[in-house]
Amino acid sequence: AMNIDLKSFREESYRRVQKGGLSGVLETIRAASSRCHVELTTLVVTGINDDLGEMREIISWIAALDRNIPWHISRYYPNFKYDAAPTDVDFMLKVCREAREKLHHVYCGNIAGSHGTSDTLCPSCGATVVSRTGYSTSMCALEGGRCARCGFDLRIRQ
């Protein structure tokens, strides 16, 4: 399994935050996703990639590759050398809602109260199958890797 950081969907932003470029990261994601379980993580940083258009491009790109790839979007907080304001919570929730329309597994982190954005929902019927609060996880409607409510195969190993 791999968790790959997708820091931005703009070449100029990517080079600003990391050596290398976006195209190499996208190719790595494509190659890895055909060989093993891949999850993607994007830290949404104020002033760097907190643009709804860019987030929509990421969502569309992941959906075209595989709707089942989990995408973790994390809210930025000021730390160390970068001190921009924390990413807007309403923006994060909007991105999460839009992503869940196209992707089966979207998780939004670093938001107090989580607003249900850390839960695993059945993409077929919307049931919460795995509930997460802080470090606590509970199986709510999961039977043998399938949604207990509608039978959708979530490909979750128990």
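Key figures for this structure:
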| read-out | value |
| --- | --- |
| Any hit, region 9-22, residues being within 11 Å of the chain's Cα centre (by Cα), among the hydroxyl-bearing types (Ser, Thr, Tyr) and buried (at least 18 other Cβ atoms within 10 Å of the Cβ) | no |
| Total residues in region 102-158, condition at positive phi and of a type in the set (S, T, N, Q) | 2 |
| Condition check for CYS150: touching a Phe, Trp or Tyr at 6+ places or on another chain (Cβ under 9 Å), surrounded by fewer than 17 Cβ atoms within 10 Å (Cβ to Cβ) and hydrophobic (A, V, I, L, M, F, W, C) | no |
| Matching residues in region 114-143 - criterion: being assigned to a loop (DSSP other than H, G, I, E, B) and open to solvent by less than 70 Å² (accessible area, probe 1.4 Å) | THR117, SER118, ASP119, CYS122, PRO123, CYS125, GLY126, ALA127, ALA141 |
| Filter result (surrounded by fewer than 14 Cβ atoms within 10 Å (Cβ to Cβ), under 14 Å from ASN49 (Cβ atoms) and either touching a strand residue (DSSP E or B) at 6+ places or on another chain (Cβ under 9 Å) or aromatic (Phe, Trp, Tyr) (or both)) within region 76-85 | TYR82 |
| Inter-residue pairs, beta-carbon under 9 Å, first within 12 Å of PHE152 (Cα to Cα) and in region 116-138, second of a type in the set (Val, Ile, Thr) and part of a loop (DSSP other than H, G, I, E, B), 6+ apart | VAL129/ILE156 |
| The one condition in (1) out of contact with any helix residue (DSSP H, G or I) (no Cβ under 6 Å at 6 or more places or on another chain); (2) within 15 Å of CYS96 (Cβ to Cβ); (3) open to solvent by 30 Å² or more (accessible area, probe 1.4 Å) that ALA64 fails to fulfil | (2) |
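The values are calculated or read from the model by the stated rules, or taken from the named source; none is laboratory data. Here the structure is a predicted model, which is why all the values come from computation and not from measurement. As a convention, Cβ positions derive from the backbone with ideal geometry for all residues, glycine included, and neighbour counts pool all protein chains shown. For the accessible areas, the whole protein counts, side chains as well, though only heavy atoms, and no ligand, DNA or RNA atoms are used. Shrake-Rupley method; radii C 1.70, N 1.55, O 1.52, S 1.80 Å.
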